[in-house]
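Below you'll find the structure, written out as structure tokens, and then a few comments.
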Amino acid sequence: MSRTLGIVASLGFLVVAGRVAGADTAAPRIKVAVVPGVAVNMEPARVDALTQDLAAALAGELEIEAAGGLEVRRALPPEGVPPDCVTTPACVADVAKRTGASQLLFVVMVDSGAGGSIQIDTTWIEPASGHSAARPAVDITSIGEARQRFGAAAHGLLPDAPIRPKQRSGNSISVNQAGGKPRHVTTSALISAGVALVGVGVGLGFGLSTRSKYNRCDASPDTCDDSKRDTIRHLGYAADAGWAIAIGGAIAASVFFATSGEEPHFVVTPTSDGAAVSAFGHF
């Protein structure tokens with residue numbers, strides 16, 4: 001028994017140790033610092049705002065840690081970095097050490113003065129390997145669109161960084177139709193239609209009989225006494241009643257058919273794939 005417990009404990013220790021080792025060997029995220037370099041016709045506060053937006057956009061689109069703005073400026077020498085820092089390995093190494101970044105993006109910003117248009121050129125440098133590359137320029141026409149333009153250009157600025165997966169909202173709802181029934185012929189509608197047909201038959205039969213007796217009486221008024229006239233009058237009343245029954249049955253059948261449909265109702269359910277709303281219709 002004790003030997004079995006010892007084996008189980010050893011296996012548990014190996015599993016835990018394997019998980020810890022796996023966590024320790026997981027590759028850390030790349031830390032990138034956006035370093036302000038040359039700025040033409042731009043104040044430091046504006047430069048810091050744009051480099052902060054650039055860092056935030058990079059971190060939002062890529063699986064990296066990014067720093068910019070005042071956070072990076074405070075880590076740099078008070079006088080900033082010299083214009084030739086990009087081509088000076090000692091300066092690059094000093095900036096990397098100050099910011100704690102494994103990759104650097106040196107930015108050059110030029111305000112053309114044409115409606116607030118700014119051109120931003122970037123140079124990527126990896127201090128550990130000494131590799132560097134110029135990245136595509138990003139043009140913005142206003143500060144308000146900077147974050148969006150930087151986000152669209154993020155992969156081009158750091159093509160080797162993994163793209164951050166988009167998170168799905170867990171609070172969405174799905175609204176769908178349930179139930180419902182189209183208009184159909186019900187038993188009540190059939191009975192009403194039958195009554196209407198009976199009424200048509202009664203009205204037609206008594207009407208023809210009334211017309212026939214009336215024509216004979218009209219052709220021979222001397223032989224048409226009061227009794228025959230009363231019979232004709234009663235037959236006319238019966239024909240009218242038949243037609244009234246026919247009209248009432250037809251109306252009732254129409255009402256029963258028109259109200260036989262059932263409109264669908266909405267069912268609301270949560271979903272993680274986004275909101276979906278189906279159209280509401282009538283039958």
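Each value in this text was obtained by applying a stated rule to the coordinates, not by laboratory testing. Worth saying up front: this structure is predicted, and the values here are computed from it rather than measured. So basically every Cβ, Gly included, is an ideal-geometry build from the backbone, and we count neighbours across all protein chains shown.
Quick look at the values:
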| quantity | calculated |
| --- | --- |
| Alpha carbon convex hull of the range 50-100, volume per residue in cubic angstrom | 90 |
| Cross-link reach list, aspartates and glutamates versus K213, counting only Cα pairs under 19 Å and skipping chain neighbours closer than eight places | D222, D225, D226, D230, D240 |
| Neighbour-count ranking [beta-carbon atoms within 10 angstrom, fewest first] of C85, C91 | C91, C85 |
| Sites matching GluC sites (Glu not before Pro) across the range 28-99 that sit in DSSP coil, with at most 10 neighbouring C-beta atoms within 10 Å | E79 |
| Diffusion constant of the range 28-157 at 20 °C, which comes from Stokes-Einstein with the Kirkwood Cα-pair radius and 1.002 mPa s, µm²/s | 148 |
